[in-house]
Amino acid sequence: MMKFGFYNPTRLIFGAGSLAQLEKAVRPYGKKALLVIGGGSVKKSGAFDQAVASLKAAGVSVVEFSGVEPNPRLSTVVRAAELAKKEACDVVIGMGGGSVMDTSKVIAASVLYEGHPRDMLVRAGKVPRLPERALPIITVPTLAATGSEMNNGAVITIDDEGEKLKTFVKAEVLYPRVAVVDPELTVTVPKNHTAFGVCDIITHVTEGYFNGIDGTPLQDRFAEGVILTVLEWGPKAVRDGSDLEARTQVQWASIVALNGWVQVGTNYIAPVHMIEHTLSALYDIPHGAGLAVVNLAWMRFAARFRPDRFAKFAQHIFGLAATGKDDLSLAMEGIDRFEEFLRSIGCPTRLSELGIGEITKEMLFGYAEETLKVLRDEEGRLPGRPPLRKEDIVE
Ligand code: NZQ
Ligand code: ZN
């Protein structure tokens, strides 16, 4: 295990009905909130009205910013930050999926940032100028997937330089002050996004499980716990969206998967996410759907380099017996089982199923190049275990 420090200052309020505590959560931090939402799902569900009513009753005035798109754009962040400045908002509330929460975080930092928010974002060959201040951030997730509600990351697509580059920022000031997590808000998530969320949760922990260093037995068990929990409860949430127990278990797993705890000391790296981000930037596909395709392909590639690790996954997650098999065969069987699981809940598992048309080798080289524009080591490879050259990404 590596030496590590751990810090996560987000206060978590969790459980069905927690939305009622939003005003109490916001009150210590501000009097005028920028309430950031997506394309309207929270208006349809009634969550928006409930939030506004309770904030107003508590004397917090609300400025609405709506229309954050999935795979949110930097130009949207800039527009919202201008509104927050003009209205002198003193707290930012993100109520929605990961796209809305990520946008809210970068808005909150942009308001107090000197320079263009683009400079905060990670790009290969440039040192990001991290934000050192931000307005207080409150997250209210409505979709269980990213874990953004309780972490310090945000994923944003740069769209104002004539190309689309999906990248990220991680900074201490982006930890939300409070995450108000009410699984009832997720009962309206459609089947496909529920399944994509399940895939995202699993991928957050498999990235560490397979790319991390050896000698992290407790973190491995945490990761396996997350996976086994969503393997059990995810399909129930997909089958019956109103199953609040299933929604609750999946949402708790989504938080645990990426609030930092599972990853401590493992040298966490996320090459599958980096490759997927290129796909969702270029084609606007849902992040979790892209992950289902990329993660499986990556696992089949990477298993050759670390078969023991993948064999352990097959045994601990799918209960496959090792008798009479070498590690690589067992590993591949485990990955096949994982693919069956993803298909059973309705995830695409092949590039051809993402609706992005015919795919040529040339295009694949293009994707690999885009990915390496965000992150690469001194030898031009995408960091991971193994580090990936351009040809490896294509494969
Ligand atoms: O926009 P609305 O109308 O709200 O509809 C959304 C959107 O169409 C809908 N939705 C959300 N909650 C709903 C609902 N529909 C019905 N009922 C509800 N309760 O779902 C659609 C997808 O929303 P989105 O926020 O894009 O999904 P998700 O939560 O999966 O977030 C994906 C974004 O997060 C980034 C991804 O790259 C992507 O941009 N990530 C952020 C991370 C982080 N901050 O730590 C880590 C992740 O790995 C990920 O990269
Ligand atoms: Zn993810």
Practice task
Tell me, please, whether a residue that is under 26 Å from I255 (Cα atoms), within 14 Å of ligand 1 (Cβ to nearest atom) and surrounded by fewer than 22 Cβ atoms within 10 Å (Cβ to Cβ) can be found in segment 50-62.
Solution key: yes
Exercise for the section: With respect to A292, determine if the residue is within 22 Å of N151 (Cβ to Cβ) and buried (at least 22 other Cβ atoms within 10 Å of the Cβ). Expected result: yes
Problem - Cβ-Cβ under 8 Å pairs, at least 6 apart or on other chains, segment 89-113 side modelled with pLDDT under 95, far side part of a helix (DSSP H, G or I) - result: none
Fill in the blank from the handout: S148 vs (1) near ligand 1 (Cβ under 9 Å from one of its atoms); (2) at pLDDT below 95: all pass except (2)
Handout entry: One residue from A281, A246 being of a type in the set (A, V, I, L, M), without any contact (Cβ under 8 Å) to a residue 40 or more places away in the chain and part of a helix (DSSP H, G or I)
Key = A246
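Among the residues of segment 231-238, are any in a loop (DSSP other than H, G, I, E, B) and in contact with a helix residue (DSSP H, G or I) (Cβ under 8 Å, 6 or more places away or on another chain)?
Scanning segment 231-238, I find no residue that is in a loop (DSSP other than H, G, I, E, B) and in contact with a helix residue (DSSP H, G or I) (Cβ under 8 Å, 6 or more places away or on another chain), so the answer is no.
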Exercise for the section: Name the single residue, out of those in segment 163-185 being acidic (D, E) and assigned to a loop (DSSP other than H, G, I, E, B), that is surrounded by the most Cβ atoms within 10 Å (Cβ to Cβ). Expected result: D182
Practice task
From the list F305, F313, F301, pick out the single residue that is over 20 Å from E224 (Cα atoms), away from ligand 2 (no atom under 16 Å from the Cβ), aromatic (F, W, Y) and not in a loop (DSSP other than H, G, I, E, B).
Solution key: F301
Practice task
Select from segment 193-210 the residues that are in contact with a Gly (Cβ under 7 Å, 6 or more places away or on another chain) and more than 9 Å from ligand 1 (Cβ to nearest atom) and write down the one among them that is farthest from V42 (Cα to Cα).
Solution key: C199
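The values are calculated or read from the model by the stated rules, or taken from the named source; none is laboratory data. Predicted, not measured: the structure shown is a model, and the values here were computed from it. Here the Cβ is made from the backbone with ideal geometry for all residues, glycine too, and neighbour counts use every protein chain on show.
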